[in-house]
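Below you'll find the structure, written out as structure tokens, and then a few comments.
The values are calculated or read from the model by the stated rules, or taken from the named source; none is laboratory data. Just so it is clear, the structure is predicted and the values come from calculations on it, not from any experiment. So basically every Cβ, Gly included, is an ideal-geometry build from the backbone, and we count neighbours across all protein chains shown. The area values use the complete protein model at the heavy-atom level, side chains included, leaving out ligands, DNA and RNA. Shrake-Rupley method; radii C 1.70, N 1.55, O 1.52, S 1.80 Å.
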Amino acid sequence: MKMSQSESQIWVLVFGTLALLVSTALADDVVVLTEDNFEKEVGQDRGALVEFYAPWCGHCKKLAPEYEKLGSSFKKAKSVLIGKVDCDEHKSLCSKYGVSGYPTIQWFPKGSLEPKKYEGPRTAESLAEYVNTEGGTNVKIATVPSSVLELSADNFDEVVLDETKDVLVEFYAPWCGHCKNLAPTYEKVAAAFTLEENVVIANLDADKHRDLAEKYDVSGFPTLKFFPKNNKAGEEYEGGRDLEDFVNFINEKCGTSRDGKGQLLAKAGIVPTLDALVKEFVAASDGEKKVVYSKLEEEVEKLKDSAARHGKIYLKIAKNSLEKGASYAKKEIERLQRMLEKSISPAKADEFTLKKNILSLFA
């Protein structure tokens, strides 16, 4: 739902405290505590900071990205646990610790199930200072560079109007509660497509750059507009605001194949126009395979952009199959899978996944 600037200013104090991120359940580095594991994790050989929250609670949603940042920063601190309890799901556990409002944040000292209530500011920095004091640690909040490209009057046209790029732009205002709510999800969208050189996830402070906002008919915040390679007038994004919604939209519009974590899907690299020839190649006798390979070369020559790059992988696999025999594809898939299970760079993971996906057609 959009709000005009005047409406937002009226409600900013309300939405400012109610907004931010979906649920704390999305946090990877915060330990999910339940009635089954609470006393196994808390009150043992490390101190614990526990957030008691409700999924529907606006204040909890606002806290979520800060608490997630806290969990990420402390994940290697062996003497401290950062945890959370869903009080909708575990009512008796929350009642046991006197929770009557959300979020309630409590500190459990090492070896104790007698908590102290945290009453300080709900920022990652303030929470970290408290945990460091109580837990005897010295952890600083991790700062992660943003994957969202920040636009201004100086670079807007250069980035957005580049006909080699598909660009999604969020026009936001710093005081807008809905924008704050969207920010963590939008950051994840940008991170998911960071390896796609022709896809740009960007934002513009439309309060600061009002002339650009007016030029593109922005009257409420946030407004999201998509500027594909073939339409630099832009089109309004009217989809959902969850990570999956954005990812599906970009995959459909940009021809990408990624999930919300930025990993390539099983269909990545597949060129449908080559399917029939690959089937023919696999079914052909050793003598006939060379004839089909020549046909494959001709078809790959017709491809453009990413399909052309993927087509070259098809040819390389077909050539290796000719030289090394029918078992080549299966053995190579097994080798690549072993590589993917190791610690490798995202770029290498992309390279191996693309090849593995195409190899599966030859296996």
Percent carbon-and-sulfur accessible area, region 272-361, ignoring ligands, DNA and RNA, probe 1.4 Å: 53
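To the nearest 20 debye, what is the magnitude of the charge dipole of region 149-254 about its Cα centre, counting +1 on the Cβ of each Lys and Arg and -1 on the Cβ of each Asp and Glu? Walk me through the numbers on the way to the answer.
Working: 11 positive and 23 negative charges, 36 e Å.
Computed charge dipole of region 149-254: roughly 180 debye.
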Interchain or long-range residues, amide H under 5 Å from F221's placed H: M3
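Please compute the net charge surrounding A54, taking Lys and Arg as +1 and Asp and Glu as -1 over other residues with Cβ under 9 Å from its Cβ.
-2
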From phi via Karplus (6.51, -1.76, 1.60), per-residue ³J(HN,Hα) for region 43-48 in Hz, x at Gly/Pro: x, 9, 9, 8, x, 9
Residue-normalised accessible area of the chain, expressed per residue, 1.4 Å probe, Å²: 53
With Cα atoms, 0 to 90° folded angle of helix 346-362 axis to the chain main axis: 40
Isolated Cys residues of the chain, judged by Cβ distance under 4.7 Å to other cysteines: C254
Spin-label pair K140/S79, simplified geometry with 7 Å Cα→Cβ offset, distance in nm: 1.9
Inter-site label distance for E158 and E297 at 7 Å from Cα along Cβ, in nm: 4.3
Built amide H within the under 5 Å cut-off of G47, gap 5+: L81, K110
Cα lying deepest toward the dipole's positive end in the chain, options A283, V131, F74, charges on Cβ: A283
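What does the charge count near A153 come to, summing +1 for each Lys or Arg and -1 for each Asp or Glu among other residues with Cβ under 10 Å from its Cβ?
Working: positive: K208; negative: D154, D157, D211.
Around A153, the charge tally is -2.
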Cα-only Debye scattering, region 149-254: base-10 log of I(q)/I(0) at q = 0.12, 0.22 Å⁻¹: -0.35, -1.30
Filter on K69/K355; K290/K356; K62/K261; K261/K295; K75/K165; K261/K304 - keep pairs with C-alpha separation over 31 Å: K69/K355; K261/K295; K75/K165
Gap separating the Cα centres of region 293-363 and region 56-82, nearest whole Å: 41
